[in-house]
Structures are given as structure tokens and as C-alpha cells.
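Presented below is the structure to which this report refers.
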Amino acid sequence: MSRILTGIQSSGKPHLGNILGAILPAIQLSEQTGNESFLFIADLHSLTSIKNPAILRENTRAVAAAWLACGLDTEKVTFYRQSRVGAYHTELTWYLSCLTPYPMLADAQSFKDNADRLADVNAGLFIYPVLMASDILLYDADFVPVGKDQKQHLEMTRDMAETFNRTYDETFVVPEGRIDERLMVIPGIDGQKMSKSYGNYIDIFLPEKELQKITKKILSDSTPLETPKNPDNDITFKLFSLIASESDTEAMRQNYLKGGYGYGHAKQAFFEVLKTRFTKERELFNYYYEENPAALEQKLQEGEAKARVVAAKKIADVREKMGIS
């Protein structure tokens with residue numbers, strides 16, 4: 001049996017990129033025979049940037065609702081908030097920090113991206129890779145689905161696990177990454193990676209009129225309607241191809257190539273396929289997020305009880321190996 005672990009930060013309501021790149025692939029893995037999945041909301045990580053308690057709670061609820069809306073079966077997986085098992089996560093973070101060299105953390109892309117404004121960098125951001133390692137190693141994860149931007153952090157996790165195992169004894173599973181090359185980077189409406197920080201994301205849970213307004217903002221060039229277009233250079237086509245059927249994608253490709261098909265037509269088609277593809281998810285999100293948050297809370301608490309059992313056992317082993325039990 002393989003244990004799969006995935007986390008997503010509670011930095012806001014999950015957007016299309018989060019859903020296609022992390023949530024749906026993780027749910028699909030959890031449904032495969034022989035897999036045991038631990039899926040969590042990384043609300044401790046969010047504290048590096050979010051200082052408003054009300055916003056953090058709201059974001060966490062939105063992330064949980066999105067997972068459930070996308071079909072997560074909490075009977076098959078361990079689904080939890082990182083902070084509710086937080087004492088074990090932060091304790092292991094300290095132990096691993098004492099074995100992790102400063103240059104490794106200083107080389108982390110998450111830190112280097114902010115190195116030109118060090119006054120804004122908090123210690124939490126600097127040791128972010130150590131907390132991420134704790135999130136993974138605490139549960140003996142065999143595989144961790146990651147995007148391109150997290151590959152380096154996973155390599156650091158592997159280094160930390162190997163260092164601990166050499167220093168004390170075989171304690172941690174050294175995890176491997178799983179990357180879906182097709183979904184490695186989901187483009188935003190401006191062509192950059194879809195991200196809340198860029199403000200270029202698509203929120204599939206918006207009311208229909210607002211969702212359509214966002215799709216109309218997808219960046220396109222000024223090629224006239226009647227002129228043939230290269231679909232591979234167009235953002236709308238790339239997004240459409242990620243959620244539409246192969247036959248519909250090929251039909252749109254041919255429309256681009258023959259001309260007489262404008263970007264407005266493509267954006268409308270993308271909006272329609274968004275509505276159709278995520279009809280059930282939009283309904284379930286409203287149920288858990290707006291109508292019945294108590295049901296959501298119950299599912300989280302049940303998962304957190306299961307996660308604590310696993311985490312407590314691993315921490316007891318770590319303490320014993322380090323001589324502080």
C-alpha cells in the first residue's frame with residue numbers, strides 16, 4: 001500500500017488552477033486501489049502572510065468546502081486542518097531545523113524570491129521548507145503530488161529525512177514526488193501561472209454572471225475574427241483544452257485554424273464548458289460553505305482525530321531516537 005499526502009494552503013478560495021493542478025489529481029489518487037491518502041489544509045503555512053484571524057478562518061472553510069465539493073470521500077481519506085494536529089507538526093519542525101543547514105534554507109526559492117526585501121521576510125517564511133518537510137515526514141508519506149514550484153522543497157524534505165535517518169536511525173520514509181506534466185502550470189487569464197498573488201485566477205464558484213465576466217477578461221491578441229489563428233498560442237484555448245473533451249478541443253482547434261472564429265466565440269465556449277463541467281461542484285460548495293458549515297466541521301474533526309493518532313505515534317518514535325522521550 002502506498003501512502004499519498006497532499007496539502008493546500010488556506011490563502012483563499014481555491015481557483016481553477018488549484019482544482020486542476022492539486023485537488024482533482026489528489027482525489028483521483030485517493031480512489032485508486034492500494035492507496036491511502038492524507039489530505040490537509042495548510043493553515044499554519046498561511047500564517048506567514050495572513051494576519052487577520054477572521055480571514056484565515058474564512059479561507060480555511062472555503063478550502064475545505066472546495067475539497068468536499070470536488071468529490072473528496074472522507075470515509076476513504078484522512079482529511080484535516082494542519083493546525084488541529086499542529087503541536088506535532090511544529091515539534092517535528094524544531095527537531096528537523098536543528099539538523100538543517102542554513103545555506104539549504106537560504107537557497108530555497110520561496111526565500112530567494114523575497115531576498116531583495118528582507119525586512120518583509122519573517123522567520124516563518126524562511127523555515128517554510130522545514131514545516132513542509134514535517135507535514136510530509138510525520139505521516140510516512142510514500143508519494144507527494146507536487147507542482148513545478150514545489151519540486152525543490154520536496155528535495156529538501158528528502159534531504160532532511162535522509163539526514164535524520166543517518167544521524168539517529170531509520171525513522172522516516174524518504175518520499176518521492178509525483179508530477180503531472182500536463183497540469184504542471186495552469187495559465188491564468190493573463191498567461192502567467194494562475195495565482196491569487198497575480199490576481200489572474202478563475203474562481204469557478206462565482207455566480208454565473210461574475211464567472212462569465214472573468215472569462216471575458218482572458219488576454220488575447222488583436223487578430224481579426226476572419227483570420228486563421230494559432231490555438232497553441234492562445235490562453236483561452238489552453239484553458240479550454242484542460243477541461244473540455246478531446247473531441248470538443250479538436251473542434252475548437254479546427255475553428256481557430258480555418259478562420260471566421262473569434263476569441264469572443266472561444267471565451268463563450270470556455271464559459272459554457274466551465275458551467276457544465278463544474279455544475280455539481282458549484283452546488284456542493286454552496287452547501288458546505290454557505291448552507292451547512294456544521295457538516296463540513298464534523299468531517300474535518302473526524303479526520304483530525306485520525307491524523308493525531310498517526311502523528312503521535314511518529315513523534316513518540318522520533319523522541320525515542322533522539323533521546324528525549
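Where a number appears in this text, it was derived from the coordinates with a stated rule and is not lab data. Since the structure is predicted, the reported quantities are computational estimates derived from the model, not experimental observations. Cβ: placed from backbone, ideal geometry, glycine included. Neighbour counts: every protein chain shown.
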Tell me the Kirkwood radius of the chain: reciprocal of the mean inverse pair distance over distinct alpha-carbon atoms, in Å.
21.2 Å
Mind checking the dipole of the chain: about its Cα centre, +1 per Lys or Arg Cβ, -1 per Asp or Glu Cβ, Debye to the nearest 20?
560 debye
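Which of rounded, prolate, oblate describes the stretch 247-325, given a ≥ b ≥ c as roots of the alpha-carbon gyration tensor eigenvalues and a/c under 1.5 marking rounded, otherwise prolate only if a/b is larger than b/c?
oblate
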Which residue, Phe40, Phe285, Ser30, has the largest displacement toward the positive end of the dipole of the chain when charges sit on each Cβ (Lys, Arg +1; Asp, Glu -1)?
Phe285
FRET efficiency estimate (nearest 0.05) - Cβ-Cβ, Tyr287 to Ala316, R0 35 angstrom:
0.35
Burial ordering of Thr215, Thr276, fewest other beta-carbon atoms within 10 Å first:
Thr276, Thr215
Only Lys, Arg (+1) and Asp, Glu (-1) charged, at Cβ; the stretch 187-291 dipole about Cα centre in debye:
200 debye
For the chain, percent of DSSP beta bridges that are antiparallel (nearest 5) comes out at 5 percent
Low-density loop positions, chymotrypsin sites (Phe, Trp or Tyr not before Pro), the stretch 175-269 - DSSP coil, at most 12 other Cβ in 10 Å
Tyr198
Please sort 227-233, 267-273 by packing, taking for each peptide the average over its residues of neighbouring beta carbons within 10 angstrom, highest first.
267-273, 227-233
Could you please rank Thr223, Thr33, placing first whichever residue has the fewest other Cβ atoms within 10 Å of its Cβ?
Thr33, Thr223
Looking at Ile218, Thr249, Gln268, which one has the Cα that reaches farthest to the positive end of the dipole of the stretch 187-291 (charges on Cβ: Lys, Arg +1; Asp, Glu -1)?
Ile218
How would you rank Met194, Met1, Met104, Met132, going from fewest to most other Cβ atoms within 10 Å of each one's own Cβ?
Met1, Met104, Met194, Met132
Between Asn165 and Ser97, what length comes free when the chain is fully extended (0.36 nm per residue of separation minus the Cα-Cα distance, one decimal in nm)?
23.0 nm
Name the shape class, rounded, prolate or oblate, that the alpha-carbon gyration tensor gives for the stretch 70-161, where a ≥ b ≥ c are the square roots of its eigenvalues, rounded holds for a/c under 1.5, and otherwise prolate holds if a/b is larger than b/c and oblate otherwise.
prolate
Reported to two decimal places, what Rg/Rh ratio describes the stretch 187-291 when computed on Cα atoms with Rh from the Kirkwood expression?
1.00
Just to be sure I understand the rule: take each whole DSSP H helix in the chain, project its Cα atoms onto its long axis, keep it if the span is 15 Å or more and its mean Kyte-Doolittle hydropathy is at least 0.0. Which ones pass?
53-69
